[in-house]
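The next block holds one structure in the form of structure tokens; read it before the comments.
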């Protein structure tokens, strides 16, 4: 089954299917056979279903039909779109490869090379895919490597600094929907790994939420001050280290008591591993580990407020 979600920009489609971007635009204008999805920035994105349709048309053209004849056949119906997963798998695998290459460049302190690879990723994939699938995957790898003493503190700091700058640039360039509730996000007490929370808040910003991101090292009294000052309706925190779980839970419980109507979400490796399924009262706060988890959690929370 194909997906109707916009995933691929026109350069990615050109690479996947071997069709010039100008040719694709001409087909769209003349035959209206597909209509790209516009994201919040107005950029054209294509779904898996679009890819299947285009692949079918290209196959017919390669067999001697004109594009007009191919479109005519398609519009008559009774067409079974065969999704050649080898294309999608190859494309998906390349995103994994890019993530690994970026990581290797950063661990070798080759910032310029990492910058070029990241630009290549943005030219092929949507912002969501790059930030969540590529940078998110890279982030998890770095965290595990650091926790297992496979890399030095210097390596971890260099990678973190690079990613924080890139994610921050994307974050602040996104539009805000003033009708959505304001969000405050901080790392849990004594936490130093903040990129996972940044990825999540980037997901929120993509949806138009105004996120006041405070990062690490914020005392509880300052959190309360900011929540009141901006009249925030949502609060998110993260915890990646087991030693900080109790303190993070304490902050969440304190804020829930102080701000009963505040929507609170929490994530991070340590919270997911230690608390998921063990403390029923806390499960409501766990946002999950994937974009799909985040979507469902957010929908449930907003629905319960209406």
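The values are calculated or read from the model by the stated rules, or taken from the named source; none is laboratory data. Predicted model only: the values in this text are computed from it and were never measured. Backbone-built Cβ (ideal geometry, glycine too); neighbour counts: all protein chains shown.
Odds and ends about this structure:
- Residue count for the range 229-238 satisfying the condition of being touching a strand residue (DSSP E or B) at 6+ places or on another chain (Cβ under 7 Å) and assigned to a loop (DSSP other than H, G, I, E, B): 2.
- Test result for residue 214, outside the structural domain of residue 167 (by TED's automatic domain parsing) and touching a residue at least 12 places away in the same chain (Cβ under 8 Å): yes
- Unmet requirement for residue 134, which otherwise passes all of (1) buried (at least 21 other Cβ atoms within 10 Å of the Cβ); (2) part of a loop (DSSP other than H, G, I, E, B): (2)
- The condition of being surrounded by 14 or more Cβ atoms within 10 Å (Cβ to Cβ) and either out of contact with any helix residue (DSSP H, G or I) (no Cβ under 9 Å at 6 or more places or on another chain) or at pLDDT 85 or above (or both) holds for only one of 194, 229, 224, that being 224.
- Among the residues examined, residue 265 qualifies as modelled with pLDDT of 90 or more, crowded, with 17+ Cβ neighbours inside 10 Å and either under 30 Å from residue 42 (Cα atoms) or assigned by TED's automatic domain parsing to the domain that holds residue 155 (or both).
For (1) farther than 30 Å from residue 175 by Cβ; (2) modelled with pLDDT under 80, each residue gets a yes or a no:
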position: 40; (1), (2): no, yes
position: 53; (1), (2): yes, no
position: 68; (1), (2): yes, no
position: 76; (1), (2): yes, yes
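- Test: residue in the range 30-46 that is in contact (Cβ under 8 Å) with a residue 12 or more places away in the chain, assigned to a loop (DSSP other than H, G, I, E, B), crowded, with 19+ Cβ neighbours inside 10 Å and not assigned by TED's automatic domain parsing to the domain that holds residue 208: yes
- Residue selected from the range 199-221 under the condition part of a helix (DSSP H, G or I) and touching a strand residue (DSSP E or B) at 6+ places or on another chain (Cβ under 7 Å), by the criterion nearest to residue 130 (Cα to Cα): 200
- Filter result for residue 234 (surrounded by 22 or more Cβ atoms within 10 Å (Cβ to Cβ) and either at positive phi or modelled with pLDDT of 90 or more (or both)): yes
- Matching residues, the range 142-165, being farther than 17 Å from residue 104 by Cα and at pLDDT 85 or above: 165
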